[in-house]
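Please find one structure pasted underneath; my questions will follow.
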Amino acid sequence: MKLREIPVHPHFSKYLPADPSLENRSRPVNNSCFSFVSPVVPSSPKYIHHSKELAKELGLEILPNEVSSYLSGEKSIPSNDFKPFAMCYGGHQFGNWAGQLGDGRAIIIAETDLNDQLYQFQLKGAGPTPYSRRADGFAVLRSSIREYLCSEAMHHLGIPTTRALSLVSTGDKVTRDIMYSGDPKEEPGAIVCRVAPSFIRFGNFEIFAARKEYDELKQLVDYTIFYHFPHLGTPSKETYLSFFREVSQRTRDLMIHWQRVGFVHGVMNTDNLSIHGLTIDYGPYGWLEDYDHNWTPNTTDRDTKRYRYGNQPNIGLWNLVQLANALYTLIENPQPLEEILEEYKETFHRDYKAMMLAKLGLYNQEIPKEFIAFTEEFLNRLKLDYTIFFRLLSEEPITESRFVEIISASSYLNKETVEAMKGYSLDWLGHYLEHLDYETTNWEVRSTKMKQINPKYVLRNYMAQIAIEEAERGNYALIDELYQMLLNPYDDQPHYQKWFAKRPEWAANKIGSSMLSCSS
Ligand code: AMP
Ligand code: MG
C-alpha cells in the first residue's frame with residue numbers, strides 16, 4: 001500500500017471531546033482531549049531517511065518523494081473525515097505540577113487501522129499548536145536525528161518504544177540557544193514522523209483530574225481501555241484497577257529494560273510517560289558508558305540529578321503515584337491502588353535482580369542480593385563501560401587472564417589505576433566464579449543467552465553527534481550506517497567493529513557527546 005492509500009479515519013478525535021475553538025494560538029484548552037490544528041507547510045522538504053522495517057510492518061511501500069510530501073506537512077494523506085490534531089495533556093515536570101502542557105510541536109496527521117491494529121502517525125516539529133506556550137512548535141535537525149535513530153534502535157533492542165517512520169529536513173531555519181547561554185543560533189529544521197498505537201501519556205489523565213473535569217477523565221479512561229486494553233473488560237472500578245495494574249507492570253518492565261541496556265531517558269516527567277509503557281519523547285537521553293548510578297546526560301538536571309540512571313525505577317514509581325492520584329476519583333478507594341504500587345516495588349527488586357544475574361549468565365536465583373550490589377560497586381569503581389564489559393563477558397569462557405583483558409578493554413581508568421585495583425577486581429572475579437560453579441547450563445548455551453540480552457551496539461551519544469555534524473554539512477551517510485548497524489544490536493557484525501569501542505576521549509566532556517540540554 002502507498003502512503004496516500006492508507007485508510008485514514010478519525011478515532012481518538014472521533015470518540016473524545018474536541019476543543020471547540022480552532023484558534024491556533026497558545027491558550028488554555030478546557031474540557032477537551034485535543035485541538036484541531038494543521039501542520040505548517042515547510043518551504044523545501046527533503047527526504048533524509050525512513051524505516052523500511054517499520055513501513056514493512058505496517059504493510060506500506062514508501063518512496064522518498066512520498067515521505068517528503070506526506071510526512072512533512074506539505075500534503076495531507078487523503079481522507080474524507082480526518083482532520084489533524086494536537087493532544088491536550090498536563091504533567092509533573094521535575095517533581096512539580098506544571099499545569100497544561102500538551103502537544104506543543106507534535107501534530108497527529110493520521111489515525112488508521114492497519115493489520116487490525118490502531119496507529120497514530122504524528123509529525124514532531126510541524127509547527128505551533130494551542131499547546132506551544134512560548135515556543136515555536138518546530139524541531140531542529142540534531143534532535144530529530146537523535147529521536148529518529150534511537151526510536152528504531154530501541155525497537156530492535158526489543159524495548160517497547162514509539163517508532164520513527166521517517167526523517168525529513170524542512171528547508172526552514174529554527175533558532176535555538178543550545179546551552180541557554182544567551183547565544184541563539186539558526187539551525188536547520190527537521191521533522192520526524194512517529195508512529196504508535198497512541199501517544200496517550202500519564203499527563204493526559206492528570207490534566208482532567210487537576211481541573212476536576214471528571215466526565216472527560218472517565219471518557220478518556222474508558223476510551224483507552226476499550227481500544228487499547230480491551231482484554232480488561234467493560235468500565236467498572238475493578239476494570240480501572242486492572243488498567244492501573246497493567247500500566248504499572250508495563251512501566252516496571254520498561255524500567256528493567258532501560259536498566260538492562262543502560263538507557264537514560266533524561267526527562268522522565270509524567271507527560272513523557274506513555275500509558276502503553278513505551279519509551280516516548282527522546283530528548284536529552286544518553287547511554288551509560290562508565291557505570292555510574294548517578295549519571296544523567298541532561299545538563300538541565302545536573303544539580304539535583306532527579307532523572308539519573310539509578311533513579312529511573314523510583315521515578316517510574318513516583319509517576320505511577322501521580323497517575324494513581326488522577327485515577328483515584330474513578331476508583332474512590334486508595335487501598336488497592338497502594339497495593340499495586342507496593343507490588344511494583346517488590347516485583348521490581350525481584351526482576352531487576354534476575355535481569356542483572358542474567359546479564360552475568362547466572363540463572364541460579366539463590367544468589368544473595370549483596371552480590372548484585374557488589375557487582376554494581378565493582379562496575380562503578382573500575383569505571384567499566386556497561387555495554388562492552390557485559391558483551392565481552394558473554395563472548396568467551398571466563399578465566400583470570402581473559403578477565404584482565406576484559407577489564408582493560410572496558411575500563412575508562414588508566415592502566416596504573418586498573419593495576420592498583422587488581423586485588424579488588426580479582427576478589428569480585430572470585431565471587432563470580434564461585435556462583436558460576438553452580439550453573440548447570442553449558443557454556444555455549446549460556447553464551448547464546450547472554451548475547452541475547454547484552455547488546456554489542458548501542459547508540460552512544462558521540463556516535464549520534466558525529467552523524468549530526470555530518471548531516472549538518474549535508475552528508476547523511478552515517479545516519480544510514482548507524483541505522484543499519486542498530487537493526488541487529490545483539491549480532492556480531494565484524495564490519496562495524498569500530499563502533500564496538502569505548503567512548504573516545506574527545507567526547508568525554510563535549511556538548512552533544514556526553515551531555516545534552518533540553519534545547520531541541
Ligand atoms: P518535553 O519535555 O521536551 O517532552 O516537552 C515538554 C513540553 O514542551 C511539551 O508540551 C512539548 O510539546 C513542549 N515543547 C517542547 N519543545 C517545544 C517547541 N519547540 N515548541 C512548542 N512546544 C514545545
Ligand atoms: Mg514531551
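Summing Lys, Arg as +1 and Asp, Glu as -1, what charge do residues with Cβ under 14 Å from the Cβ of Ala464 carry, Ala464 excluded? Write down the numbers at each step before the final one.
Values: positive: Arg142, Arg146, Arg460, Arg503, Lys510; negative: Glu147, Glu152, Glu289, Glu469, Glu470, Glu472, Asp480, Glu481.
Residues close to Ala464 contribute a combined charge of -3.
Given the C-alpha centroids of region 1-53 and region 70-94, what is the distance between them in whole angstrom?
Computed from Cα coordinates, the inter-centre distance equals 2 Å.
How high is the relative contact order of region 366-438? Use alpha-carbon pairs under 8 Å, at least six apart in sequence, and give a whole percent.
Working: 37 pairs, mean separation 26.5, N = 73.
This gives 36 percent for region 366-438.
Where the Cα atoms of the chain are projected onto their three principal axes, how long is each span, largest first, in whole Å?
Principal-axis extents of the chain (Cα, largest first): 70, 57, 47 Å.
Per residue, how much accessible surface does region 437-510 expose to a 1.4 Å probe? Answer in Å², no decimals. Working shown, then result.
Values: 3760 Å² over 74 residues.
Roughly 51 Å² per residue, with all protein chains present.
Same structure again: Compute the long axis of helix 237-261 from its Cα atoms, compare it with the longest principal axis of the Cα atoms of the chain, and write down the angle in degrees, 0 to 90, nearest 10.
Approximately 50 degrees, to the nearest 10.
Same structure again: Checking the a/c ratio against 1.5 first, then a/b against b/c, what shape does the Cα gyration tensor give for region 3-202?
Values: a/c = 1.39, a/b = 1.09, b/c = 1.28.
In terms of gyration-tensor shape, rounded.
Leaving out ligands and nucleic acids, note down the accessible area per residue over region 201-312 with a 1.4 angstrom probe, in whole Å². If you can, show how the numbers build up before the last one.
Values: 3510 Å² over 112 residues.
Computed with neighbouring chains in place, this is 31 Å² per residue.
When only Cα pairs under 8 Å and 6 or more residues apart are kept, what is the percent relative contact order across the chain? All intermediate terms of the calculation are to be shown ahead of the outcome.
Values: 991 pairs, mean separation 74.5, N = 520.
14 percent.
Here is the link list: Lys52/Lys456; Lys46/Lys75; Lys218/Lys305. Which ones come out longer than 24 Å on Cα distance?
Numbers: Lys52/Lys456 22 Å; Lys46/Lys75 13 Å; Lys218/Lys305 35 Å.
From Lys52/Lys456; Lys46/Lys75; Lys218/Lys305, over 24 Å: Lys218/Lys305.
Here is a follow-up. May I ask you to give the percent of accessible area on region 461-507 that is carbon plus sulfur, with a probe radius of 1.4 Å? Present the calculation step by step, with values, prior to reporting the outcome.
Working: 1060 of 2260 Å².
Ligands and nucleic acids excluded, carbon and sulfur give 47 percent.
Given a 1.4 angstrom probe, I'd like the percentage of the accessible area of region 66-152 that is carbon and sulfur, rounded to a whole number. Please list the in-between numbers first.
On the way: 1180 of 2750 Å².
The nonpolar share, carbon plus sulfur, comes to 43 percent.
Using a 1.4 Å probe over the heavy atoms of the protein chains, calculate the carbon and sulfur portion of the accessible area of region 313-435 as a whole percent. The partial results should precede the final answer.
Details: 2890 of 5530 Å².
Here it works out to 52 percent.
Enter the angle in degrees (range 0 to 90, nearest 10) between the Cα long axis of helix 386-395 and the first principal axis of the Cα atoms of the chain, meaning the one along which they spread out most.
Helix 386-395 sits roughly 60 degrees off the main axis of the chain.
The values are calculated or read from the model by the stated rules, or taken from the named source; none is laboratory data. Keep in mind the model is a prediction, meaning the values are calculated, not measured. Quick reminder, even Gly has a Cβ in these numbers, built from the backbone with ideal geometry, and neighbours come from all protein chains shown. Quick note on the areas: whole protein, heavy atoms, side chains included, nothing else; ligands and nucleic acids left out. Shrake-Rupley method; radii C 1.70, N 1.55, O 1.52, S 1.80 Å.
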